[in-house]
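Peer 1: The following block contains the structure, expressed as structure tokens.
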Amino acid sequence: MAKPVLVVVDDEDASLQALTLELESRYGAHYQVVSGSSAEAALARLAELQAAGADVPLVLADQRMPGMAGTQLLARVRDIFPTARRGLLVTWRDMAAPAPFLEAAALGWLEFYLIKPTWSPDEHFHRVITGSLEEWCSGTC
């Protein structure tokens, strides 16, 4: 049986690499980590995963991406993988204007938001991710 897939999307290369490594180091034994540098690429990859019958318990997306914001991407993820937990990745500077995440959460586009890790291992980041994976598993495992 194939490993469930964790998807992370961020248009900044250094941030995407750090996020991917952080997820692989903690969850790689039990999950496959797939990363994408744009919302459009992520949607195409998610469609491939859906066609292959993969399980996708978690999709993380950066809010500030050109073309399509993270909140918009996560809203579309629900149509492809309805049981996937959706998390919006933000930085401390994003916290000054929380309206986009609060509105997206109220509309059911995402389940949570979290600050991108700034060191490794970032145990707060992992506590949120692990909790989200537990939530997903309680409904599907």
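The values are calculated or read from the model by the stated rules, or taken from the named source; none is laboratory data. Keep in mind the model is a prediction, meaning the values are calculated, not measured. Don't worry about glycine lacking a Cβ; one is built from the backbone with ideal geometry, like all the others, and counts go over all protein chains shown. Remember, those area values only see protein heavy atoms, side chains included, never the ligands or the DNA or RNA. Shrake-Rupley method; radii C 1.70, N 1.55, O 1.52, S 1.80 Å.
Peer 1: So which residues in segment 111-141 are of a type in the set (V, I, T) and outside any loop (DSSP other than H, G, I, E, B)?
Peer 2: I115, V128, I129, T130, T140, listed by residue number.
Peer 1: Within segment 72-95, identify whether any single residue is more than 21 Å from T130 (Cβ to Cβ), open to solvent by less than 20 Å² (accessible area, probe 1.4 Å), touching a residue at least 40 places away in the same chain (Cβ under 8 Å) and under 14 Å from the mean Cα position of the chain (by Cα), and answer yes or no.
Peer 2: The answer is yes, given that some residue of segment 72-95 is more than 21 Å from T130 (Cβ to Cβ), open to solvent by less than 20 Å² (accessible area, probe 1.4 Å), touching a residue at least 40 places away in the same chain (Cβ under 8 Å) and under 14 Å from the mean Cα position of the chain (by Cα).
Peer 1: Further question: Can you give me the number of residues within segment 104-127 that are in contact (Cβ under 8 Å) with a residue 12 or more places away in the chain and either in contact with a Lys or Arg (Cβ under 7 Å, 6 or more places away or on another chain) or open to solvent by 40 Å² or more (accessible area, probe 1.4 Å) (or both)?
Peer 2: The qualifying residues number 8.
Peer 1: All but one of (1) open to solvent by 90 Å² or more (accessible area, probe 1.4 Å); (2) touching a residue at least 40 places away in the same chain (Cβ under 8 Å); (3) closer than 17 Å to A61 by Cα hold for E135; state the number of the condition that does not hold.
Peer 2: (3)
Peer 1: Being outside any helix (DSSP H, G or I), open to solvent by less than 10 Å² (accessible area, probe 1.4 Å) and within 13 Å of L6 (Cα to Cα) is the filter here; which residues of segment 41-66 pass it?
Peer 2: V56, P57, L58, V59, L60, A61
Peer 1: Then there is this: Quick one: would you say R78 is at pLDDT below 90 and charged (D, E, K, R)?
Peer 2: no
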